[in-house]
Amino acid sequence: MSEMTFSERPMRLKNWFGIEAAGTGNREPLARAVIALLVVITAGSMFAGLAIGPISIPVLDVLPHLPAHLFSSREGAPAGVSLRDWIVIKDIRLPRVVLGALVGAALAVSGAVMQGLFRNPLADPGIVGVSAGAGLGAALFIVLGGSALAPVAAVLGYYAVPLAAFVGGLITTLLLYRIGTRGGITSVATLLLAGIALGALTGATTGLLVYVADDQELRDLQFWGLGSLAGSNWEKVTSAAPIILVMLFAVPFLARGLNGLTLGEAAATHIGIRVQRLKNISILMVAAATGASVAVSGGIGFVGIVVPHLLRLTIGPDHRYLLPAAALLGASLLIAADTLSRTIVAPAELPIGIITAFAGAPFFLWILLRRRGLMGL
Amino acid sequence: MLQHMTFSSDASVCELHVNRVTVQMGKTTIVSNLSFDAKAGEFLAIIGPSGSGKTTLLRAMTGELVCSGDVFLAGQDVRGLSPEIQAEMRGVLPQASQISFPLNVAEVIGLGLIDRRHNKNARTRRLAEALSKVGLSGFEGRNYQDLSGGEQQRVQLARVLCQVWEPVPIDGPPRWLFLDEPVSSLDIKHQYQIMQLAAEYAARGGGVVAVMHDLNLTLTFADKVLVMQKGQRLAFGATEEVMRSDLLSKAYDFPLSLTRCAVAGAPIVVPFNGR
Amino acid sequence: MRTLFHSRFYSLTAACALTAAALLAPSKSLLAEGTLAQSAHRIVAVGGSVTEIVFALGEEDRLVARDTTSNHPASAAKLPDVGYIRALSPEGVMSVDPDLILMLEGSGPVETVDVLKKSGVAIADIPEEFTDQGILNKVLAVGEALGVPEKAEKLAEKLKVDLETAQSEADMSSSDLRVLFILTARDGRILASGSETAASGIIALAGARNAVDDFSGYKQLSDEAVLSAAPDVVLMMQRGENHNVHPEEVFDHPALAQTPAGQNKRVIVMGGQYLLGFGPRTADAIRELSDQLSDIRS
């Protein structure tokens, strides 16, 4: 009947894993084991994402041909594979799995970095309005890209919409930081309220765009509301991958700084962390990755809050392990959710945003309930 | 590296030099035109009534607050030093330390192990030593946020100690500890234990600057005392010179008297009852 | 420059001709495409009117799937649903193993269409235009894609007569009424149809006038725009089987209540696909709409 507290849980799990020598407080072996497990899970979910779908395909027969043919411009299926199976694997499922992995990793890591930066486990690009800002940037470009911004669109090509989303996300994040932080202390209440206000503002602006948009633009706009990986193709992968990969590889260098920031900004400075630089880079990274994700998949919510939280319960809040683990868990969760979205109402499909919201929103409420006393909300 | 270049036998490298420091918040002047010098190897206590600007002065000295005037540590203007260099020269214990995520004790202290030359074993050893110094041996795996206020304060001190472990490193000037009310939420046993620790640090050649509320602990452990009143320096000097009935009564605007403890024979401060 | 252009142009033309010849040679004639289409027996119909036309042509046995908007006739609704016309899932479509996809103009998203084209499935684009001729073009296009052009011509002929009759009847009875088509009226926000919409098309065919024609597509109307539109009657879509719109609810809107339609509580509710589909049932829809309009007039 004894109720476990928040903090006992990881302890108990540790003993269960039998990894940690009692009492040393060293969670690193556990974290490494979990990351190794997550690597396996991510690989497994990627394989499942390739193997499962409305069409049953002997995926093991197709996979060996992929490396050789992926980057060749040759049309048509390799010998021994039907064109349909080839197209389904190479042009439908694979870009979708890759994009799902990138977006999932980007969202989860952005969430973790933002939480570290704001020193609060409820900060999430989706909840505080960064995604909305990125979506607005993308929407502006979709509607104005054909007219007012046409020269920019011509120069940037595929990267135009992700970049517009990035700029939208960046402006929103900077605004949030300015509004929510006073004297180095971030007020959650202010942050969430600012998020609501920004959400309303972006909603209104998007509404304005709807009015001037034509039919085709409207359809593209509608896409931001729900969030989906349905339109995945290699063009989207190549437009989002550079931004997201740069972020994923840069973010481990922020880990020590984010750990230090747990103590507060002043104490972090005292242990030798350049806090202002850390904040600048973090904000840039979060905005870039969120922007790129929103640009290719719309607003997929709650990954950024659920994944880091689950991992903190398991391996602790050390960012050196939390960030890579979040990337892996985010990737595998999103691939799994997307596989579900493709198959649950087959041959039609459900937008993935619906699935993540159904899973994530109750979880968010649960965190709120548990932390109600601590946050002074 | 920087210490290497500038470290010399010059006496100023052993000093904390505070010259005409003024801190303003909005239009209010919190610390006004305050100067003093302290030496490594001494325990300096800053005392004074609440609101006299003690903590603000400490935060100005550690570069946390913007101030006018000069703060030189080991012969160098602290405002010109990077956080990395400053972190190697001095540790800072803040008054209250809320952390934002459920780190365990080992992880919190690990944040102070900034010397990357140490391998894993050395780190583990130092961590255990630091914990035993603050009387928390075996607390490594405990969740920091579940500890009592006093235990949290000692964990933070262990973290700061790890950061500036050797008071006098082989390749640099003496190091400094800046402590903001280090014993404010401790029981009497741990108050003495922690003060002993700070005094030892000074005795081994390091510099210690501590904001203190407890006058008896100050009497017992401090080598020098800076008395502040309304943001200004009221008195500064060796403990026995400064800790006088008249001066303390004036500083705190409350009748205080120095006497000798009947049991231990040590000097203590008591409220003067007027007779 | 000019010669270069010309030489390129000619070589391109030659290449095209050669390719065409090479493609046509084995199958002898232009009928090749028709033969292929006639043999298509696993067809996905995307677009409610397209599906209705396939049924009207009696070729429904060749259908294997349909989109969400294709819910008429009842047996069409029993086919597997590959998603909303504008949000088709590429693998979902491919999973029914089609050999021909009939796609109404506006089907998408474009990424799905790209992949489907790449997969080698034949795709027939069916044009959409909200006029009587648009319906006939649709029928002919579907007939050609299915390889039954004669049947399609016959159907088109019949529909043409039907439509003309319905229109001439409508012109006599209900002209000049101002009709406001309301897509949704949630939370007091009225989303109405401007020009170049299916609603605008059917209103014109029924011999009435669209009350708002100063914008194209579907837009939200301000109160003043509602007042200046001054509709004589409101036209709405029926939502679901048992969920009729109550006129009172629509006219709760303060501005709408002040219009002639609101003061006389005049609202016409018709099935969405029936009213806006521009398919085989449109002649009936015109007749029904103009009947209701003339009832209102008299």
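Here, each number is a calculation from the coordinates, and none is a lab measurement. In this text, all values refer to a predicted model and were calculated from it rather than measured experimentally. Ideal geometry is used to build each Cβ from the backbone, glycine not excepted, and the neighbour counts take in all protein chains shown.
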Peptides B:261-271, A:229-239, C:180-190 ordered by average Cβ neighbours within 10 Å, highest first: A:229-239, C:180-190, B:261-271
Charge-dipole axis of the protein assembly as shown as Lys and Arg at +1 and Asp and Glu at -1 on Cβ define it, positive-most pick from C:Phe181, A:Leu70, C:Val267: A:Leu70
Cβ charges +1 (Lys, Arg) and -1 (Asp, Glu), total dipole of the range A:231-377, debye: 480
Cβ charges +1 (Lys, Arg) and -1 (Asp, Glu), total dipole of the range C:162-297, debye: 240
Peptide A:48-55 - average C-beta neighbours from other chains (10 Å radius): 3
Antiparallel DSSP beta bridges within the range B:113-260, as percent of all bridges there, nearest 5: 55
Cα-based Rg and Dmax for the range C:32-126, where Dmax is the largest Cα-Cα distance (Å): 12.0, 34
Per-residue average of Cβ from other chains inside 10 Å of A:253-264: 4
Separation between Cα centres of the range A:37-53 and the range B:18-78, rounded to whole Å: 59
For chain B, built as a Gaussian network whose Cα springs stay under 10 Å, the top-fluctuating residue of B:Lys224, B:Lys39, B:Lys27: B:Lys27
Residue (of B:Pro83, B:Ala238, B:Pro169) at the positive-pole extreme of the range B:2-243, dipole from beta-carbon charges: B:Pro83
Relative contact order of the range A:260-377, pairs being alpha-carbon contacts under 8 Å that are 6 or more residues apart, as %: 22
Along each principal axis, Cα extent of the range A:86-168, largest first, Å: 41, 40, 16
Stokes-Einstein diffusion coefficient of the range C:162-297, Kirkwood radius over Cα pairs, 37 °C, 0.692 mPa s, in µm²/s: 225
Listed pairs A:Lys279/B:Lys54; B:Lys27/B:Lys224; A:Lys236/C:Lys117 exceeding 20 Å between Cα atoms: A:Lys279/B:Lys54; B:Lys27/B:Lys224
Global form of the protein assembly as shown, assessed from the alpha-carbon gyration tensor, a/c cut-off 1.5: prolate
Within 10 Å of each Cβ in B:134-146, the average number of Cβ atoms from other chains: 3
Spin-label pair C:Glu129/A:Ala361, simplified geometry with 7 Å Cα→Cβ offset, distance in nm: 4.5
Sorted by Cβ neighbour density within 10 Å, fewest at the top, the residues C:Met236, B:Met195: C:Met236, B:Met195
At R0 = 30 Å, FRET efficiency that the Cβ-Cβ distance of C:His41 and C:Gln238 yields, to 0.05: 0.30
C:Lys265 paired with B:Arg20, simple spin-label distance in nm, labels 7 Å along Cα-to-beta-carbon: 8.9
Label point distance in nm, A:Leu193-B:Ser245, each placed 7 Å from Cα along Cα→Cβ: 5.5
Label point 7 Å beyond Cα of B:Gln193 along Cβ direction - residues of the range B:123-141 with amide nitrogen under 20 Å: B:125-141
The protein assembly as shown: antiparallel DSSP beta bridges as a percent of all, rounded to 5: 45
Rounded to 5, the percent of DSSP beta bridges in chain B classed as antiparallel: 60
Descending semi-axes in whole angstrom, ellipsoid equivalent of the range C:252-293, from the Cα gyration tensor: 26, 11, 6
Computed magnitude of the charge dipole of the protein assembly as shown (debye, nearest 20; Cβ of K, R +1, Cβ of D, E -1): 3980
